[in-house]
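Okay, structure first, notes after.
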Amino acid sequence: MSARLNLVVLGKQGAGKGTQCKRLVDDYAIPQISTGDILRAAVKAGSPLGKEVSGVLESGGLVSDELVNKLVLDRMNQDDAKRGALFDGFPRTLNQAEALDALLGDDGVKLVLNLDVSTDLVTERLSSRRVCQECGTIYRDSDIEAISGTCEKCGGDVIQRADDQPEAIRKRLDLYERDTAPLLAFYEKRGLLVTVNGDQTPEQVTTAIRQVVSERGLA
Ligand code: AMP
């Protein structure tokens, strides 16, 4: 029997996928694989990959399936992903979902969690989101004065992501509806989809997710 726990976390941008994945990595001893984090790190490092994708990220567009699929393949080959992974921000298109199936083979995706939050609420969350450039800790714009723009955890600069500007937010949410929302039906048909109300405190969402994982006998 396979011991791999491959969990996909779906939801609009700002639904809390990253926050939840960070909370769950310790529970299940599997890494968070966030394609957004990998791409942002490449941009920050100024690597050839970063130079290639920086304009797309800034505008809120999507990087090509081919490139993202390859990044995930490379990441899954690392030792810490031998027991599975929490996929955050991937897959985002049907092509990526099919590539993930091919990559995981018999192990397959075990569960897909859909963090459900209204478009109005995620728009509000994204507009007020501020992020530590160094460690990724998330703040609200109302926190900035109290922390003097400096991350309480690592001392890094806390900034607004370029793709959290209004026009980029609109574009990202449109792309979600067009390219990513169809994945809900794709996974639903296979009995893998569970929708969790994302309009609760992060603690409540984590508790709901842990319950689903345990009810399904996955951990
Ligand atoms: P995220 O942090 O998941 O919102 O990702 C930030 C940006 O990285 C997205 O707006 C896209 O430009 C790019 N990106 C991340 N994941 C993917 C993906 N699976 N497919 C295509 N582009 C992606």
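The values are calculated or read from the model by the stated rules, or taken from the named source; none is laboratory data. No experiment lies behind these values; they were computed from the predicted model shown. Every residue, glycine as well, gets a Cβ built from its backbone with ideal geometry; the counts of neighbours run over all protein chains shown. Note: accessible area is taken over every heavy atom of the protein model, side chains too, but ligands, DNA and RNA are not part of it. Shrake-Rupley method; radii C 1.70, N 1.55, O 1.52, S 1.80 Å.
Before moving on, here are some points about what is shown:
- Coordinate range of the alpha-carbon atoms in the stretch 134-219 per principal axis, descending: 47, 32, 21 Å.
- Modelled this way, with points 7 Å down the Cα-to-C-beta line, the labels at GLN78 and ALA45 are 0.9 nm from one another.
- Longest site-free stretch - the chain; sites: trypsin sites (Lys or Arg not before Pro), DSSP loop, at most 14 other Cβ within 10 Å: 1-81
- The lysine pair tally for the chain, using Cα distances under 25 Å and a gap of 8 or more places or different chains, is 28.
- Ellipsoid semi-axes for the chain, based on the Cα gyration tensor and the rule √(5λ), read 26, 20, 18 Å when sorted largest first.
- Using alpha-carbon coordinates, inclination of helix 202-215 to the longest axis of the chain, degrees: 10 degrees
- For the stretch 158-183 versus the stretch 129-143, the gap between their alpha-carbon centres in whole angstrom: 17 Å
- The smallest convex shape that holds all Cα atoms of the stretch 70-127, its convex hull, gives 117 Å³ per residue.
- Placing unit charges on the Cβ atoms of the charged side chains and taking the dipole of the stretch 126-219 about its Cα centre, the candidate lying farthest along the positive direction among ALA168, SER148, SER214 is SER214.
- Residue-normalised accessible area of the stretch 101-203, given per residue in Å² at a 1.4 Å probe: 54 Å²
- Surface composition of the chain: carbon and sulfur make up 49 percent of the accessible area, probe 1.4 Å.
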